[in-house]
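No value in this document is a laboratory result; all are computed from the given coordinates. Worth saying up front: this structure is predicted, and the values here are computed from it rather than measured. Note: ideal-geometry Cβ built from the backbone for every residue, glycine included; neighbour counts use all protein chains shown.
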Amino acid sequence: MSTLRDEAQEFFRGLRDRICARLEELDGGHFERKPWRREGGGGGEMSELRGQVFEKGGCNFSAVWGEKYPEAVDATTPAPTPTARGTGTAAAKGREEDASLGIRPPTPAELAGKAFFATGVSLVLHPRNPFVPVVHMNIRYLEAGDVSWFGGGMDLTPCREFAEDTRHFHRVLQKVCNAHGERLYDRFSRWAKEYFFIGHRGSERGVGGIFFDYLRGEERWSFLRDVGEAFLPAYAPLVERRRATPYSDEDRAQQLRWRGRYVEFNLIYDRGTLFGLRTGGNVEAIFMSLPPLVAW
């Protein structure tokens, strides 16, 4: 699947451009772009917005490679794959179910000491208005030695939930998943609930979305592309609906406290953050996901 490298990079760059253009229309401001290079192979481009609707927004593209897959990234930050879903018969059934969907985590032997390649788009938007929800998306393609896989997803983190907003967001994602398999939405939405969970708080980070990883097979490339293209239909209507909602000083204070949980998750649990740091990624780009102001 190494022939996908050029195609994936071209798609991710184009998706980044389309998303940034629409967000600029919503905000009235402009993304500032800053290229960066990684010592050891590859680099990317940061795109940052400090605007009226979005207090801080980042939409980054990267393509990096190296001679050795980052040691212990997956071992120390396990995703809720079938191996974490119990033991015995239940775990075996879970593995069989996921394997039928194309989910197959690489083994330590497949990763250890192998050359790697990773490319993708990652975005986080922190709106100024407390009633416009925070949103995150990441989609990626990775290779390690002779194995390759797709991963990613998106989730919504409102300071104050509106049921109709949550319903719209999930319906868009469900439609995308159903177009590629009727079981995908149930599996990936459940995976998001498990992954975007703040263990020390005992609660989910937000209202969920979808999350997936270790998708094998070139036929899943079209699914990954469709997930990326679904971001704007899922999120832009929520911004248009809530951006002019009046809010009080207490609403703002509550928003800053809620952002604290977002920071806690990203610094403690987020696998993308840890992967970027352990591969020598651009620190500014990695931490662009953090909000400009936060309170505890």
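Structure data summary
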read-out	value
Between the range 1-59 and the range 149-186, the alpha-carbon center distance in angstrom	22 Å
Residue exposure sequence - Arg259, Arg216 - by fewest surrounding Cβ within 10 Å	Arg216, Arg259
Tensor-based shape of the range 157-296 (alpha-carbon gyration tensor, a/c under 1.5 rounded, otherwise prolate or oblate)	oblate
Summed side-chain charge close to Arg13 - residues other than Arg13 whose Cβ falls under 12 Å, Lys, Arg +1, Asp, Glu -1	-2
Dipole in debye (nearest 20) - the chain, about Cα centre, beta carbon charges: Lys, Arg +1; Asp, Glu -1	440 debye
Taking His170, His30 and counting other C-beta atoms within 10 Å, the order from fewest to most	His30, His170
Listed candidates (1) 123; (2) 147; (3) 136 - label of the one calculated as volume of the Cα convex hull per residue in Å³	(1)
Likely footprinting exposure, Phe54, Phe275, fewest C-beta neighbours within 10 Å first	Phe275, Phe54
The range 162-211: C-alpha gyration tensor shape, a/c 1.5 cut-off, then a/b vs b/c	oblate
